[in-house]
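Okay, here's the structure, questions in a sec.
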Amino acid sequence: MSGSPSTVGQVLAASPRLKRRGQVAWWTWRDIVGERVATRSCPSKLEGGTLLVTVKSALWAQELSLLTPLILERLGTRGLNVNRLRFIVGALSLPRRPRALKERKRGPLPGGLAQRLERLEDAKLAELIREAASFKP
């Protein structure tokens with residue numbers, strides 16, 4: 001291991017299970033701390049077991065300092081060797097949200113699904129299934 005610090009994105013991007021490059025750090029952070037906290041904080045870099053987290057305000061730094069043991073535990077379950085969090089107040093650089101399902105490309109329904117959906121009594125449920133099944137990955 002070299003002496004230069006690694007960004008959280010670099011550390012997480014090395015995981016073969018994670019697909020998104022560049023944004024993976026924040027998405028993993030959001031899974032760990034939840035949507036509310038993640039929109040007000042962003043992991044910046046990981047150096048020697050210390051994760052530097054940029055937060056929106058001093059109040060959020062204080063709030064997250066109280067959650068540090070829980071966050072460290074959750075980071076550990078993700079295989080990240082983080083033993084300390086350090087918070088700095090600054091401008092956040094959050095990734096764009098993924099496109100909504102309605103904006104994604106649609107394809108044909110899988111074979112026979114349209115006929116089976118017509119037999120459903122709950123029209124709203126049938127429409128939701130039809131919509132979800134028609135999206136292309």
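Based on the mean of other Cβ atoms within 10 Å per residue, sort peptides 43-51, 123-131 so the most packed one is first.
Going by the mean number of other Cβ atoms within 10 Å, highest first, we get 43-51, 123-131.
Let me ask something else. Hey, for a label at residue 83 modelled as a point 7 Å past Cα toward Cβ, could you say which residues of segment 32-55 have their backbone N under 18 Å away?
46-52
I would also like to ask the following. Per residue of segment 106-112, what does 6.51 cos²θ - 1.76 cosθ + 1.60 with θ = phi - 60° give for ³J(HN,Hα)? Whole Hz please, x for Gly and Pro, Karplus curve as stated.
For segment 106-112, the Karplus curve yields 10, x, x, 6, x, x, x Hz.
Another question, if that's okay. Could you order the peptides 57-66, 108-117 from most to least packed, using the average number of other C-beta atoms within 10 Å per residue?
The peptides rank, most packed first, as 57-66, 108-117.
Coordinate-derived values only; no laboratory data. The shown structure was predicted, so the numbers you read here are calculated from the model rather than taken from an experiment. Counting neighbours? That spans all protein chains shown, and the Cβs are built from the backbone with ideal geometry, glycine included.
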